[in-house]
Structures are given as structure tokens and as C-alpha cells.
1. Between residues in region 31-54 that are free of Cβ contacts under 8 Å to residues at least 24 places away in the same chain and in a loop (DSSP other than H, G, I, E, B) and residues that are surrounded by 15 or more Cβ atoms within 10 Å (Cβ to Cβ) and not aliphatic (A, V, I, L, M), which pairs lie under 6 Å by C-beta distance while being six or more apart or on different chains?
2. Here is a list: A27, A45, A41. Which entry is open to solvent by less than 60 Å² (accessible area, probe 1.4 Å) and at pLDDT below 95?
3. Is it fair to say V23 is at negative phi and under 10 Å from the mean Cα position of the chain (by Cα)?
4. Against the definition (touching a Ser or Thr at 6+ places or on another chain (Cβ under 9 Å), open to solvent by less than 40 Å² (accessible area, probe 1.4 Å) and without any contact (Cβ under 8 Å) to a residue 40 or more places away in the chain), how does A67 come out, yes or no?
5. Starting from residues that are open to solvent by less than 60 Å² (accessible area, probe 1.4 Å) and in contact (Cβ under 8 Å) with a residue 12 or more places away in the chain, keep the ones in region 6-24 and report whichever is farthest from F66 (Cα to Cα).
6. If you take the residues of region 1-24 that are in a loop (DSSP other than H, G, I, E, B) and not basic (K, R), which of them is modelled with the lowest pLDDT?
Amino acid sequence: MFKTSQHWARSGDSLRLAVEVPVGAEAEVHVPAARRRDTTAPHWAEYVRSEPGHVVYRVPHGRGEFAAKAESG
């Protein structure tokens, strides 16, 4: 069984998401953002698609940090 971890933080108008994917696994990371251009991702993260309210990336094992512009509301 694989176990992933995540940590969210909000600071001002930005959200940060730190993820860890175990060796031998890959994951889809759903970053809460309206548009891809409102996100940053590690260079090894592959953009997959945009969904209402989320931008989705595929990542291999390892650690990485994603960021997104927080929507006001």
C-alpha cells in the first residue's frame, strides 16, 4: 500500500501545497485554481487538464511544491 502526504498553507492571496509521493507510485495533484496560469508547479510535474476550480498535474514519486493564486470569496 502506498501512502502519500500533503500539506496546505495559505498566505495572503496565495495557496501552497507540498506533496510527497512514495517511490513506485505516481499521483494526480489537483491544485485549486481557476486557470493554469494562476499556478506554479515543479518542472517535472506534467500538466494534465483543467477542471472547474482545479488545475490537474501528474507527478512521479518524490517531493514537490505547488502554488496557486487564491480566489477571493
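The values are calculated or read from the model by the stated rules, or taken from the named source; none is laboratory data. Model, not experiment: these values are computed from the prediction. Glycine gets a Cβ as well: all are built from the backbone with ideal geometry, and neighbour counts include every protein chain shown. The area values use the complete protein model at the heavy-atom level, side chains included, leaving out ligands, DNA and RNA. Shrake-Rupley method; radii C 1.70, N 1.55, O 1.52, S 1.80 Å.
1. These pairs meet every condition: A45/Y57.
2. Working: A45 fails: at pLDDT below 95; A41 fails: at pLDDT below 95.
Within the list A27, A45, A41, the selection yields A27.
3. Numbers: at negative phi: yes; under 10 Å from the mean Cα position of the chain (by Cα): no.
Answer is no for this residue.
4. On the way: touching a Ser or Thr at 6+ places or on another chain (Cβ under 9 Å): yes; open to solvent by less than 40 Å² (accessible area, probe 1.4 Å): yes; without any contact (Cβ under 8 Å) to a residue 40 or more places away in the chain: no.
Answer is no for this residue.
5. Going residue by residue through region 6-24, those that are open to solvent by less than 60 Å² (accessible area, probe 1.4 Å) are 9, 14-15, 17-19, 21-22.
Next, from what is left, pick out any that are in contact (Cβ under 8 Å) with a residue 12 or more places away in the chain: 14-15, 17-19, 21-22.
On the way: S14: 10, L15: 8, L17: 5, A18: 6, V19: 8, V21: 13, P22: 17 Å.
If we take residues in region 6-24 being open to solvent by less than 60 Å² (accessible area, probe 1.4 Å) and in contact (Cβ under 8 Å) with a residue 12 or more places away in the chain, then P22 is farthest from F66 (Cα to Cα).
6. Quick first cut of region 1-24, residues in a loop (DSSP other than H, G, I, E, B) only: 1-4, 12-13, 22-24.
Those still in the list that are not basic (K, R) too: 1-2, 4, 12-13, 22-24.
Values: M1: 55, F2: 59, T4: 68, G12: 84, D13: 86, P22: 92, V23: 92, G24: 91.
Once the filter is applied, the top-ranked residue is M1.
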